[in-house]
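Q: Quick one: the structure is below, questions incoming.
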Amino acid sequence: MNMDFVAGAIGEALSISSLIGIGGGVLLGYIIGVIPGLNRSVAIAIAIPLTFYMSPFIAISFLIGLSKGTAAGSAVSAILLNAPGEASSAATCLDGYPLARQGRPRTALKVGLFASVLGDILATTILIFVAIPFARVALMFGPYEMAAILAFALVFIAGLSSGSLFKGLAAGGLGIFLGTIGLDAQTGLPRMTFGYTELMDGMPLIAVAIGTLALSEMFVQSERLRYERDSMSVKLDNSDKDKLGWKEFLTTVPSIFRGTAVGTVVGALPGLGPSVGSFMSYGMAKKASKTPERFGKGAPEGIAASESADNAVIPAALIPLFGLGIPGNVSAALLVGAFAIHGITVGPLLLRDEPELLYSIFAGMIVASLIMLVLGWFGLRIFAQITRVPPHIVIPIVIFFCLSGIMLQGYGPFGLIVLVAFALVGFVMKRYDYSFVTFLVAFIITPMLELNLRQSIILSRGDPMVLMNRPIAVFFIVCTIIALVMLAWRTMKKGKPVAGADPAA
Amino acid sequence: MRQNFWTGLAVCAFALLALNWIIPNYAGVNPMAQMPPDLVPRIASWIMLICGAIIVAGAVKDLVKARALPVTADIDWPAAGWMIWPFFYVFFAIYLLTHFKITHIGAPIIAVMLILLGERRWYMILGCSVVPVALLYVLSVYLMRVGVV
């Protein structure tokens, strides 16, 4: 590790403009996370247009801070409302809400906060020490290996992110199909543009992302309003028994370490998401406990286990992104788009071409975790008030920001029509369990997949025997086939491959 | 079962449309290219077609087992109407946005939707519709100053 880069990165992360950018991201993320129904990917999709005028470092750190803030904020509504801000905090409800109902909401919130921050910092440290050697190895990969790894990641995500592998693959197929729209990179021929010059550069990524994630989610939420309207939030008061003591906190530390380990492993694998991590961690904490009967009735260890895993997933999901350039979930896929907006190719090349930026992002992530601790500590009462904002107030405002985000980027009516079209696609996918995660990841990585496939075909002159000299590529092709067969078998047998898988965040 | 049947059928229909009309006419042909420009869209369409067919076949098997028909008469029309109206509202908003500035009509767009969703407190309607537009105005003025828009 070059110490000059490290020193420079720390200096940049601690500059006033960076602190404002990162702090703003964490604060916005916290607020969005607290509001039930708004999740991490919705927040990032809406916020990407805001990063247009920021420097690449502040833009990416802002978005990562936003992502971390939503994860911590979603615990607040899980504990006070019994309605998780996002699916990954559902495990926090199991003990968080009962503890809050016992008159200890402040204790529950503080356990959640400390677990989130510790899980996040530990996983970020692991990311720093794993991603760089990983990227060094990946720099030796050629187009054969990259094409094989991308195909494997897509099959894996398709199989694990929806109820059915076939629905996931169908969504992925649509994503690949739409991702090829625009000028062909080799021949310069327009593909499926139907004569519209606006489509020469392909479907506008921001309109597709905001439509599929944010606007469609608002349509889903407005449909739910018909059936469920109000919810009751637990109030914070100044009771003497509602204090987190040092002794009580120490009992949660093993759960935090275990949760961080689980979250890191789950986050590093494409397709699995924070929901899997938090439930798995919760289950392991319960199993390891000497008093498992306390779980589900307000055990602080349960909150610590799920929150640490939930937050550890965010930095861990960046391991395949920075190491290989493969987004393992929607948030990471949106970061690829954000990097692209600033003209940066994310992946192992980032380490070679812009190491200062990579180290600055790592430093910014640590700073974001510390800001999260400060904001969470001093803003508990305010965030508790935000849980009272009813969804029918949130929906029109978010829809307005979706429309204005497209207008701000100058897409005009064309961009707005694309936005609504993809909101419809996203709505249908969410309603009928077609993985919008696979769709979006496939849409974003298609240019990279096609480029590597094309280079492979040109280099090999169409001779598949070339692969015999490429053991890593062969390994991933075999893994893809095995994953395809196993996931298809599981889908046909059970109907649902992995309960609770939610790589949407 | 019914949902799988119809959505699977829609996936197959789109894949067939792509394979038989969109790709042959609009994906481009270049015999000199070592990788034809229509290769990846064609692979994607075949993936959709095969997966769609498997979904339909699974749904048909389940329907036969349950002795049910793929169509049903008991559609909840009020629920369907509630589901659809936000789409039409957003379409209407886009129509307005093509004629007026977003900072001019943003507040009424939010306010009307708030009322349609059941909000009746005038101060909430006023605050929630004016504040986001004011924030957008400040942001766009700043972006204009730094030369982004």
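The values are calculated or read from the model by the stated rules, or taken from the named source; none is laboratory data. From a predicted model like this one, the values you see are computed outputs, not experimental measurements. Please note: Cβ atoms are built from the backbone with ideal geometry, for glycine as well, and neighbour counts cover all protein chains shown. Accessible surface is based on the protein model in full, side chains and every heavy atom, while ligands, DNA and RNA are left aside. Shrake-Rupley method; radii C 1.70, N 1.55, O 1.52, S 1.80 Å.
Q: Please pick out the residue among A:424, A:358 that is in a helix (DSSP H, G or I) and surrounded by fewer than 20 Cβ atoms within 10 Å (Cβ to Cβ). Show your work before the answer.
A: Details: A:358 fails: surrounded by fewer than 20 Cβ atoms within 10 Å (Cβ to Cβ).
Answer to the check: A:424.
Q: Just the residues that are at the interface with chain B (Cβ under 8 Å from one of its Cβ atoms) and among the hydrophobic types (A, V, I, L, M, F, W, C), please, taken from the stretch A:166-194.
A: Of everything in the stretch A:166-194, those that are at the interface with chain B (Cβ under 8 Å from one of its Cβ atoms) and among the hydrophobic types (A, V, I, L, M, F, W, C) turn out to be A:166, A:169, A:170, A:174, A:176, A:177, A:189, A:192, A:194.
Q: Moving to a separate point now. Considering only the stretch A:295-306, state which residues are open to solvent by less than 90 Å² (accessible area, probe 1.4 Å) and more than 26 Å from the chain's Cα centre (by Cα). Break it down into steps so the answer makes sense when it comes.
A: Taking the stretch A:295-306 as the starting set, the residues that turn out to be open to solvent by less than 90 Å² (accessible area, probe 1.4 Å) are A:295-296, A:298-306.
If the condition is that a residue be open to solvent by less than 90 Å² (accessible area, probe 1.4 Å) and more than 26 Å from the chain's Cα centre (by Cα), then A:295, A:296, A:298, A:299 are the ones that fit.
Q: A follow-up question, please. Just to be sure, is residue B:99 modelled with pLDDT of 85 or more, within 25 Å of residue A:51 (Cα to Cα) and open to solvent by 100 Å² or more (accessible area, probe 1.4 Å)? If you could, list the steps in order and put the result at the bottom.
A: Values: modelled with pLDDT of 85 or more: yes; within 25 Å of residue A:51 (Cα to Cα): no; open to solvent by 100 Å² or more (accessible area, probe 1.4 Å): yes.
So residue B:99 does not fit the description; no.
Quick grid of which residues meet (1) modelled with pLDDT of 85 or more; (2) of a type in the set (Gly, Ala, Ser); (3) within 25 Å of residue A:276 (Cβ to Cβ); (4) under 16 Å from the mean Cα position of the chain (by Cα):
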{"site": "A:335", "(1), (2), (3), (4)": "yes, no, yes, yes"}
{"site": "A:344", "(1), (2), (3), (4)": "no, no, no, no"}
{"site": "A:364", "(1), (2), (3), (4)": "yes, yes, no, no"}
{"site": "A:370", "(1), (2), (3), (4)": "yes, no, no, no"}
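Q: I'd like to know if the stretch A:376-389 contains one or more residues that are among the hydrophobic types (A, V, I, L, M, F, W, C), within 14 Å of chain B (Cβ to nearest Cβ), over 30 Å from residue A:126 (Cα atoms) and open to solvent by 40 Å² or more (accessible area, probe 1.4 Å).
A: Yes - at least one qualifying residue is present in the stretch A:376-389.
Q: Just give me the residues in the stretch A:390-444 being touching a Cys at 6+ places or on another chain (Cβ under 9 Å) and free of Cβ contacts under 8 Å to residues at least 24 places away in the same chain, in sequence order.
A: Within the stretch A:390-444, A:393, A:396, A:397 qualify.
Q: Of everything in the stretch A:393-421 that's over 30 Å from residue B:124 (Cβ atoms) and in a helix (DSSP H, G or I), which residue is modelled with the lowest pLDDT?
A: A:412
Q: Could you check residue B:21 against (1) modelled with pLDDT under 85; (2) over 30 Å from residue A:493 (Cβ atoms); (3) open to solvent by 80 Å² or more (accessible area, probe 1.4 Å) and say which number it fails?
A: The number of the failed condition is (1).
Q: Taking the criterion of being closer than 30 Å to residue A:461 by Cβ and within 11 Å of chain A (Cβ to nearest Cβ), would at least one residue in the stretch B:7-18 satisfy it? Break it down into steps so the answer makes sense when it comes.
A: As a first pass, look at the stretch B:7-18 and keep what is closer than 30 Å to residue A:461 by Cβ: B:18.
Filter once more, keeping what is within 11 Å of chain A (Cβ to nearest Cβ): B:18.
Yes, because at least one residue in the stretch B:7-18 is closer than 30 Å to residue A:461 by Cβ and within 11 Å of chain A (Cβ to nearest Cβ).
Q: Could you please find all residues in the stretch A:447-493 being basic (Lys, Arg) and within 11 Å of another protein chain (Cβ to nearest Cβ)?
A: So the first thing to find is which residues in the stretch A:447-493 are basic (Lys, Arg), and the list is A:454, A:461, A:470, A:490, A:493.
Listed by number, the residues that qualify are A:454, A:461.
Q: Let me ask you something else. For residue A:416, state whether it is surrounded by fewer than 23 Cβ atoms within 10 Å (Cβ to Cβ) and either hydroxyl-bearing (Ser, Thr, Tyr) or within 11 Å of chain B (Cβ to nearest Cβ) (or both). It would help to see each step written out before you state the result.
A: Values: surrounded by fewer than 23 Cβ atoms within 10 Å (Cβ to Cβ): no; either hydroxyl-bearing (Ser, Thr, Tyr) or within 11 Å of chain B (Cβ to nearest Cβ) (or both): yes.
No.
Q: Return a yes/no flag: does the stretch A:434-442 have any residue that is over 24 Å from residue A:49 (Cα atoms) and open to solvent by 10 Å² or more (accessible area, probe 1.4 Å). Break it down into steps so the answer makes sense when it comes.
A: So in the stretch A:434-442, the residues over 24 Å from residue A:49 (Cα atoms) come out as A:434-435.
Okay, now just the ones that are also open to solvent by 10 Å² or more (accessible area, probe 1.4 Å), so A:434.
Within the stretch A:434-442, one or more residues are over 24 Å from residue A:49 (Cα atoms) and open to solvent by 10 Å² or more (accessible area, probe 1.4 Å).
Q: If we keep just the residues of the stretch B:29-78 that are open to solvent by 80 Å² or more (accessible area, probe 1.4 Å), of a type in the set (Val, Ile, Thr) and part of a loop (DSSP other than H, G, I, E, B), which is nearest to residue A:458 (Cα to Cα)?
A: Ranking the qualifying residues of the stretch B:29-78, first place goes to B:29.
Q: Only one residue in A:135, A:131, A:151 is more than 10 Å from chain B (Cβ to nearest Cβ), open to solvent by 20 Å² or more (accessible area, probe 1.4 Å) and assigned to a helix (DSSP H, G or I), so which one is that? Let's see the steps before the verdict.
A: On the way: A:135 fails: open to solvent by 20 Å² or more (accessible area, probe 1.4 Å); A:131 fails: open to solvent by 20 Å² or more (accessible area, probe 1.4 Å).
None of the other options fit; the residue is A:151.
Q: OK, next. If the requirement is being in a helix (DSSP H, G or I) and modelled with pLDDT of 90 or more, which of these qualifies: A:314, A:256? Before you say what the answer is, go through the steps one by one.
A: Numbers: A:314 fails: modelled with pLDDT of 90 or more.
Only one candidate passes the filter, namely A:256.
Q: Then there's this: If you scan the stretch B:19-37, which residues turn out to be more than 7 Å from chain A (Cβ to nearest Cβ) and within 15 Å of residue A:194 (Cβ to Cβ)?
A: B:21, B:23, B:24, B:25
Q: Oh, and also: Does residue A:165 count as open to solvent by less than 50 Å² (accessible area, probe 1.4 Å), more than 30 Å from residue A:409 (Cβ to Cβ), touching a residue at least 40 places away in the same chain (Cβ under 8 Å) and in contact with a Leu (Cβ under 6 Å, 6 or more places away or on another chain)? So that I can check it myself, show each step before the final result.
A: Details: open to solvent by less than 50 Å² (accessible area, probe 1.4 Å): yes; more than 30 Å from residue A:409 (Cβ to Cβ): yes; touching a residue at least 40 places away in the same chain (Cβ under 8 Å): yes; in contact with a Leu (Cβ under 6 Å, 6 or more places away or on another chain): yes.
When the stated conditions are applied, residue A:165 passes them.
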